[in-house]
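Here is the structure we will look at, set down as structure tokens.
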Amino acid sequence: MFLSDGYKADEMTKYIADVNGLLNNLFSQVPFVHYRNYFNAFAVKVPSNESGARHPQTSPDSDCLPVPQQAVVDNYFGSTFDSFNIHRLLVPTKAGAIGSVLAGSFPLYDQVFVLVNSPYYGGSGGPNATSSTHTSAHEVSIHEIGHSFAGLADEYWAGASYAAEKPNLTQQSNATLVKWANWVGTSGVGVYPHNEAPTWYRPHQNCKMRILNVPFCSVCNETFVERIHTLVNPLAAYTPTTLAMELGDQPIVLLLSLIKPEPNTMSITWKRNETTFDTNKESVSLSPSSFTTNVTKIKAIVTDNTALSRSATHSVNHVYVVEWTITTDNPSDPITSVEVRSAKSEYRIQVYPNPTNLDFSFSYLLPKSSKVSVTVSDLSGRKVRSLVSQRQEAGEHIYQYKANDVFKSVGEFIVTFSFDDIIISRKVIHQN
């Protein structure tokens, strides 16, 4: 979800062109080039009274050359350089305005990107990824999306105040125990100490989270892929959803509709009563004579076998299943009275608004009776609160809370939904 800042009403054509240029660059790079079908991008036109970004000139560094004149700019979201005494740190300061625009235009977004109409180098990767329109803006933008969307750390040393356990930053030095151990020894991945703080380690010496105009390292690519899969179920649809009929000699055709990576790395396994009978087909045709018991379960299992992830939890968290239960009145005469019931492992989780500051809600749809657990944890994995822990019947379940009661403090949190053996996570940002 793109928001414009520092674009006047008569500059919206430029804004849309700037957004499209950024997207074209983003979707030409790994891993996004492989998962572009998983993304929808929207641009909200928010006109400012004046063009550009603020330049308070309060930072001591001179990493923005030529140094711009001090300026106070009347832009809509308050985007300003010199944040936290770092000139290139360009941050939109009006979080309330961002929240209001999102609530009124597209509240069920997953990632916000504020594009600031300034030719000077800068950006930030907080709750709202931000970049200027400098000539390096595309690379800056993709780097900042690494922070905001995937929760990645800088792989240059940003300072002790930014040091924390992240997918690509750790204080674990043992290559067999480090969180990216599955990648060590591959494509330059190792355990490299930061020269400025040798008790902290990064996985690569030449990653986009450290240096612009180079690819993401394998560890960062994996983090993106796992994050994408938490937001998008590649099993988009299936048929039939229900069927009750006199079959006669007509076969039952079961069909999947998938959102595929490019190139396609999806595998499909078809099982009849847990025995595999076909693979890698998006549809199967089953004759009535194949149903020889009162109840037959047909299951389609969809897995993304991408080489970009070696995560130990990938095969648990990101396998997608449709199950049809086919019942017959009389197994000796399977041609009549066949009913098909479908249950899709698609729980339609919604978490909103996000970021949140006053109210917090979530909902999910259970396709069948399930043991449900919903917990809130901080980014270190420490559980903050349990919100749901019980068996629930099929149907939609909606919960509403005061945000301060759930999160207790500002920051980023992980809300984890467990439905029997399916685990799905969502990152939530709690603001003032």
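The values are calculated or read from the model by the stated rules, or taken from the named source; none is laboratory data. Quick caveat, the model's predicted, so the values are computed rather than measured. Because the Cβ atoms are built from the backbone with ideal geometry, glycine has one as well, and the counts that use them run over all protein chains shown.
Test Phe42 against the stated conditions and say whether it is of a type in the set (Phe, Trp, Tyr), at pLDDT 85 or above and buried (at least 18 other Cβ atoms within 10 Å of the Cβ).
No; evaluated as a whole, the condition is false for this residue.
Condition (residue is touching a residue at least 12 places away in the same chain (Cβ under 8 Å), more than 30 Å from Lys260 (Cα to Cα) and assigned to a helix (DSSP H, G or I)) applied to segment 54-63: is it met by at least one residue?
Checked against the condition, which is being touching a residue at least 12 places away in the same chain (Cβ under 8 Å), more than 30 Å from Lys260 (Cα to Cα) and assigned to a helix (DSSP H, G or I), segment 54-63 yields no hits at all.
Let's see how each residue does on (1) closer than 30 Å to Ala164 by Cα; (2) loosely packed, with under 15 Cβ neighbours inside 10 Å:
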{"site": "Val372", "(1), (2)": "no, no"}
{"site": "Val376", "(1), (2)": "yes, no"}
{"site": "Gly381", "(1), (2)": "yes, yes"}
{"site": "Gly395", "(1), (2)": "no, yes"}
{"site": "Lys408", "(1), (2)": "yes, yes"}
{"site": "Asp420", "(1), (2)": "no, yes"}
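Could you please give the count of residues in segment 201-223 that are basic (Lys, Arg) and surrounded by 24 or more Cβ atoms within 10 Å (Cβ to Cβ)?
Residues in segment 201-223 being basic (Lys, Arg) and surrounded by 24 or more Cβ atoms within 10 Å (Cβ to Cβ): 1 in total.
Being within 20 Å of the chain's Cα centre (by Cα) and at pLDDT 90 or above narrows it down to one of Asn317, Asn305, so name that one.
Within the list Asn317, Asn305, the selection yields Asn305.
For segment 113-122, which residues satisfy the criterion of being of a type outside the set (S, T, N, Q) and modelled with pLDDT of 95 or more?
Correct list: Phe113, Val114, Leu115, Val116.
Here are the criteria: (1) modelled with pLDDT of 80 or more; (2) surrounded by fewer than 19 Cβ atoms within 10 Å (Cβ to Cβ); (3) more than 20 Å from Asp420 (Cα to Cα); (4) not assigned by TED's automatic domain parsing to the domain that holds Ile423. Tell me which single one Thr325 does not satisfy.
(3)
Within segment 22-35, can you find the residues that are in a helix (DSSP H, G or I) and surrounded by 15 or more Cβ atoms within 10 Å (Cβ to Cβ)?
The answer is Leu22, Leu23, Asn25, Leu26.
Can you confirm whether segment 237-249 contains a residue that is touching a Lys or Arg at 6+ places or on another chain (Cβ under 7 Å), surrounded by 16 or more Cβ atoms within 10 Å (Cβ to Cβ), over 21 Å from Ser148 (Cα atoms) and polar (S, T, N, Q)?
no
Just one of the numbered conditions (1) surrounded by fewer than 21 Cβ atoms within 10 Å (Cβ to Cβ); (2) in a loop (DSSP other than H, G, I, E, B); (3) free of Cβ contacts under 8 Å to residues at least 60 places away in the same chain is not true of Ser161; which one?
The single condition Ser161 does not satisfy is (2).
Please verify whether Pro92 is closer than 21 Å to Val19 by Cβ and either crowded, with 17+ Cβ neighbours inside 10 Å or among the hydroxyl-bearing types (Ser, Thr, Tyr) (or both), treating the condition exactly as stated.
yes
Being buried (at least 20 other Cβ atoms within 10 Å of the Cβ), at pLDDT 90 or above and of a type in the set (Ser, Thr, Tyr) is the requirement here; does Ser48 meet it?
Taking the combined requirement at face value, the residue satisfies it.
Does segment 102-125 hold any residues that are under 21 Å from the mean Cα position of the chain (by Cα) and not in a strand (DSSP E or B), and which are they? Before the answer, list the steps.
Keep residues of segment 102-125 that are under 21 Å from the mean Cα position of the chain (by Cα), which gives 102-103, 105-115, 123-125.
Leu102, Ala103, Ser105, Phe106, Pro107, Leu108, Tyr109, Asp110, Gln111, Val112 - these are the residues of segment 102-125 that are under 21 Å from the mean Cα position of the chain (by Cα) and not in a strand (DSSP E or B).
Scanning for something under 17 Å from the mean Cα position of the chain (by Cα) and either closer than 25 Å to Ser148 by Cβ or without any contact (Cβ under 8 Å) to a residue 24 or more places away in the chain (or both), does segment 379-397 turn up at least one residue?
So far as segment 379-397 goes, yes, one or more of its residues are under 17 Å from the mean Cα position of the chain (by Cα) and either closer than 25 Å to Ser148 by Cβ or without any contact (Cβ under 8 Å) to a residue 24 or more places away in the chain (or both).
For (1) small (Gly, Ala, Ser); (2) under 18 Å from Tyr320 (Cβ atoms); (3) not in a strand (DSSP E or B), each residue gets a yes or a no:
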residue: Ile398; (1), (2), (3): no, no, no
residue: Asp405; (1), (2), (3): no, no, yes
residue: Glu412; (1), (2), (3): no, no, no
residue: Ile424; (1), (2), (3): no, yes, no
residue: Lys427; (1), (2), (3): no, no, no
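Quick one: Thr336 ticks every box in (1) at pLDDT below 65; (2) in contact with a Ser or Thr (Cβ under 7 Å, 6 or more places away or on another chain) bar one, so which box is it?
Just one mismatch for Thr336, condition (2).
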